[in-house]
Amino acid sequence: MLLRCILATEREADVWNDLVEPDEAHMWFPAPAYYERVAVICRRRKDYVAEIEIIDRWEERATSDRAKASVMGRRLSERKARAIDLMNSR
């Protein structure tokens, strides 16, 4: 179900990016909450590769500095760094 929410929020961001002026397109990015929730589930399963992949997926679509500087953007970045550490310590 969460993956369907992710697909929906990605489509919504794509629609907004198509509607606005090119210099404003980078301002629309998928809502990060669904990605974080999937990352939490992956962590609980100790599936660090999947956790990193879902965060990478959000980062690929959230290209603006505004997105990455948001509270959720910073949390996802910190979560990814921790997942990499956990994966490498196995």
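Taking the Cα centre of the chain as the origin, how large is its charge dipole in debye, to the nearest 20, when only Lys and Arg (+1) and Asp and Glu (-1) carry charge on their Cβ atoms? All intermediate terms of the calculation are to be shown ahead of the outcome.
Working: 17 positive and 17 negative charges, 171 e Å.
That gives a dipole near 820 debye.
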Worksheet, complete the sentence: So, over other residues within a Cβ distance under 12 Å of R44, counting Lys, Arg +1 and Asp, Glu -1, the net charge is +2
Worksheet entry | Rounded to 10°, Cα long-axis angle of helix 71-88 versus longest principal axis of the chain | 30 degrees
Practice prompt. Find which of I84, V49, M72 sits farthest along the positive direction of the dipole of the stretch 49-90, computed with +1 on the beta-carbon of Lys and Arg, -1 on that of Asp and Glu, about the Cα centre.
Written response: M72
Worksheet item: Comparing A62, A31, A50, which has the greatest mean-square fluctuation in the GNM of the chain with Cα pairs linked when under 10 Å apart?
Response: A50
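Using just the helices of the chain, give the 222 nm mean residue ellipticity in deg cm²/dmol: DSSP H runs with n ≥ 4 each add -39,500 (n - 2.57), and the total is spread over all residues, rounded to 500.
Working: 5 runs with 68 residues, N = 90.
Calculated at 222 nm, the ellipticity per residue is -24000 deg cm²/dmol.
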Discussion item. Charges on Cβ only, +1 for Lys and Arg, -1 for Asp and Glu, centred on the Cα centroid of the chain; of L3, W28, W16, which one is farthest towards the dipole's positive end?
Written reply: L3
Worksheet item: Helix 2-19: angle to the longest alpha-carbon principal axis of the chain, degrees 0 to 90, nearest 10?
Response: 30 degrees
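Which net charge results when you count Lys and Arg as +1 and Asp and Glu as -1 among the other residues whose beta-carbon is under 11 Å from that of E60?
Working: positive: R57, R61; negative: E10, E53, D56, E59.
Summing Lys and Arg as +1 and Asp and Glu as -1 gives -2.
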Worksheet item: What angle do you read, to the nearest 10 degrees and between 0 and 90, between the alpha-carbon axis of helix 32-44 and the longest principal axis of the chain?
Response: 10 degrees
Practice prompt. Find the eigenvalues of the gyration tensor of the Cα atoms of the chain, then list the square roots of 5 times those eigenvalues as equivalent ellipsoid semi-axes, largest first, in whole angstrom.
Written response: 26, 14, 9
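Rule-based calculations on the coordinates, nothing more; no lab input. It should be emphasised that the depicted structure is a prediction, and the values quoted were computed from it without experimental measurement. Please note: Cβ atoms are built from the backbone with ideal geometry, for glycine as well, and neighbour counts cover all protein chains shown.
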